[in-house]
1. For residue A:176, which lysines qualify as cross-link partners when the Cα separation must be under 29 Å and same-chain residues fewer than eight apart are set aside?
2. Summing +1 for each Lys or Arg and -1 for each Asp or Glu, what net charge is found among the other residues whose Cβ lies under 13 Å from the Cβ of residue A:345?
3. Short version: which residues of segment B:239-264 lose at least 40 Å² of accessible area, all chains versus chain alone, 1.4 Å probe?
4. For the pairing of chain C with chain A, what total accessible surface becomes buried, with a 1.4 angstrom probe, in square angstrom to the nearest 100?
5. Please report the antiparallel percentage of DSSP beta bridges with both residues in the protein assembly as shown, rounded to the nearest 5.
6. Please give the net charge around residue C:298, taking every other residue with its beta carbon less than 14 angstrom from that of residue C:298, where Lys and Arg add +1 and Asp and Glu add -1.
7. Near residue A:72, within a Cβ-to-Cβ distance under 11 Å, what is the net charge of the other residues, with Lys and Arg +1 and Asp and Glu -1?
8. Let me know the Kirkwood hydrodynamic radius for chain C, please, with Cα pairs as the basis and the value in Å to one decimal.
Amino acid sequence: MSTAPTPAPTRATVPTPRTLRGARLPKWSPWALAGGSLVLAVLLGLVADMDNPAQLGLIAAVLFVLGTYGVAARVEGRRQAKDRVATSLVWVCFLLAVIPLASLLWETVRQGVKVLDFYFLSHSMGVVADTETGGGIYHAILGTLEQVGLATVVAVPVGVLTAVYLVEYGRGRLAKAVTFFVDVMTGIPSIVAGLFVLSFWILVLDMGYSGFAGSLALAILMMPIVVRSTEEMLKLVPNELREASLALGVPKWRTILKVVLPTSIGGITTGIMLAVARITGETAPVLLLVWGTNFINTNPFADPQASLPLYIYQQYANSAGYGAAYDRAWAAALTLIAIVMILNLVARGIARWKSPR
Amino acid sequence: MDTTTQNTEQPPPTPPEPASAATTAEEGRAARGATRPGDRVFLGLSRGSGIFLLVIMAAIAAFLAYRASIAIGKDEGNFLTTMEWNTNVDPPVFGIAVLAFGTVISSIIAMALAVPVAVGIALFITHYSPRRVGGVLAYVIDLLAAVPSIVYGLWGALVLVPHMEGLFGWLDTYFGWTGVFEWQEGAPRSLLTVGILLAIMILPVITNVSREVFRQVPRMHEEAALALGATRWEVIRMSVLPFGRSGVISASMLGLGRALGETMAVATVLSPTFKIHASLLDPGGGTFAQNIASKFGEATETGRDALIASGLVLFVITLLVNGAARMIIARRKEYSGANA
Amino acid sequence: MKLQRKNRLRALSLGVVAVSGALALTACGSDDTGSTGDGDASAAANTSSIKCDDAKGQLQASGSSAQKNAVDAWVKQYVRACKGVQINYNPSGSGAGVTAFLGGQTAFAGSDSALKPEEVTASKKVCSGGQAVDLPMVGGPIAVGYNVPGVDNLVLDAPTLAKIFDSRITTWDDEAIKKLNPDAKLPSTKIQAFHRSDESGTTDNFTKYLIAAAPDDWKYEGGKAWQAKGGQSAQGSSGLAQQVKQTEGAISYFELSYAGDGINAVRLKTDAADPVEATVENATKAISAAKITGTGKDLALEMNYKPTEAGAYPLTLVTYEIVCDKGNKAETLPATKSFLGYIASEDGQKQLADAKYAPIPEEIITKVRETVSNLS
């Protein structure tokens, strides 16, 4: 875009412009300026006796922005100078954000691979104490998959049907109320959903801790996300398709099932996958409802189970600062990220595969 | 209805609103006329699930309100102003002042840091970076938005907190005189650290949605501006930002919602005490969600009800924030003309 | 439409792969029985005395995090001997443990404080025909850990501790500390006093001690929630130990078993001649001086926080296992009885010292054994 022809500034200092382009700084100038301000900052630091690298970086950044503005304003004019400052600010934003986020991924991978092996993935903690080495996350992976699976089974039909209702049938007060409350539900803090299920399911109905109790809370969190994304997707289905089908005398429910839903199935699946990825990482409701165990429990309907996010938290919180527990926590975090990433990739794959061509 | 909060792939041509409204009306007539059993069953099913959602919502609200009212009835202190959380003594004394303060302050810090940076990154991806780099970046940011908060918490406690001492020392040296940035050399597990961690956590979320919005700016707007001789910054300022404003706001609100309700990341990083400190660097304070998670274990019947009451307050705050966001978006839509 | 059919086929095969993958996953995992590492002779010898009887299935229990490390050690031995039993102890906190037990969700609870009368009444609902009883099983010396480089043998007394945790003594070279440690090189570092952010029996016992031994300097009521203002906090004993390890100038309280490598513990000055170290033996000595306040089968204890005898470490908490004396659930009774029988046995109690917990004195534990053998 920078190559787009710009008319010569009216206040050009050159009396007879040889080209229609205004004067421009050479391509290497930002790098030169960056290097220059860094050197200047270090020199300043030496003079003022400062040795904090972050501080020097800050000074260099300020010098760079000021320098860019000054030089550009002189050579290219004020407007171009502002443009250059904006560019460097955007770059600074980017670099600023990349540092912590890159560190997060890097640390997780670096620390995570230490104990991550087949043994770790195929064994539970069993009787291994938190301060000892050994043990694994098999029980947690299993628990997470079962809980998330159950939550999906509960939430997806309700969510999709509600979206169908809103888009295909919805009008009047009920639809408005549903839309509003779906929006409200999107904002429920996960711990509040957990509290609700706890007081209702476990304390009132006296059902005991189980993976399923956790799934209920996760389903509450998942439903509004599914409704919203499905709604958007259904709205994208061209009305011509519906009309054509209805005109052929196909009943409305068959039209929805055979025409509307198949057309938008790619987008709906993507939305569901993203919702699944989102609830896979929920810790708070699981902490209250699933309770955690160190042993393998394949039955999500009875007795406590484990789950990956909960496992990470417990290993961190019960570790008393012992390295072995931290290593396990990092490895579990890496596994969790991998699972979420796979879900995301699958979602993207489906979106691309099913997208209207 | 903001079509922007979903980060799913959307082809640019969104269906015009009036058309769909017209069809629903028309189809509504058809549905009423239809006596086919299949139609009735299907309508019943889909309406039923809508009603089911309503019932769940109502049940949550009613249940929380009921339990909360029990707890507040027993409270010896003032529920809103007492700076104490002592539910196991008889009579119980508790109040949400500290929690409300901590929640609001940490979220404000998070928003102040995350929103400008996120907009910057979104602009970087859509307008500054080379196309291919932008694509990869967008994917990485997408992925980071899906990283579970407990992982952010783990990273925050084990990596971020040790690295905060430098920043805290620096803030104390140069801005300590303000009182807000005074540091007593405690472990840097304060509200500021929480705010920074939350900012890092919601950054990908806000970036993601903003990027999606910026990408949908009609090319015509931008090219028109360029043709008039605008610089890249002027293009962004005059056509991209006005178009994307409501999207960015709703993205920010999405992020704010997460920051307000975040539990585990806060619980691992904060050193909670029931006291409001003038300095953001002093360890202490607490947030609603963190307090529920950490006090739950030892809570008695009343204690649980008290925690539920605080959860209800959090719920209401989140509701208000969402409502405000929706109002802002609705109003902006009328003026911006972006969706015309 | 041909395209779509192909897609459906592909989706179907994807589903098949996913399901079979999940099935494969459920089949291949196993519990880590800890048999890989230390198969030492003493461990093998210990397990021989465990009577499994007809115990089997999963046993759920929860409660005090103070005894977590002890339970970990017990469970390890026990599960090795009785292959059919899994014991899942969730260190969720004493209060949560009692609540879960009274709600009938667990077979027994661990608690740092004895049941209140109203809780005993409530227990009659889950214990058909009986009631819940407190059985003292573990003594835990509460170590006051600190992190002051160069200072190894810090001595403090109750009033000084009270002032430190009440933020009235703020630097390590304070006169009061100097007076107790004339030989130590105390730095002028700020004191970072950490307390529990969650409610806990450890806090309860720690403040009880301060109230009893330094009534003039600790004016707070006590209880499971930390009362004093100021100071910093962390979640759980583990969190406190973590902070003390990381933070220079830190001081905090937690069970001795959490005071692992690198944490020094304060020696307490009591009414006896010499300051007392936080050790297993000294804690047992202090528990011997406690008197039984429970009635009938209940064996609740009351500690003496101002001991005069030499070598009694008064800052000790006793963790009770809480079970029904009669009317335990039929399906968990054998496992409960067998496990509690093991931990009350001589071998079980011997196991404690290795995990840095204090065994219960002989005259009390014999009563516990009798109660356990009569559980029904």
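The values are calculated or read from the model by the stated rules, or taken from the named source; none is laboratory data. Everything numeric here is computed off the predicted structure, so don't read it as measured data. Cβ placement follows ideal geometry from the backbone for every residue including glycine, while neighbour counts extend to all protein chains displayed. These area figures cover heavy atoms from the full protein model, side chains too; ligands, DNA and RNA do not enter into them. Shrake-Rupley method; radii C 1.70, N 1.55, O 1.52, S 1.80 Å.
1. A:235, A:252, A:258, B:333
2. Taking every Cβ under 13 Å from that of residue A:345, the sum is +1.
3. Hits at the 40 Å² cut-off: B:258, B:264.
4. Buried: approximately 3200 Å² between A and C.
5. 60 percent
6. It works out to a net charge of 0.
7. +4
8. With all distinct Cα pairs of chain C included, I get 22.4 Å.
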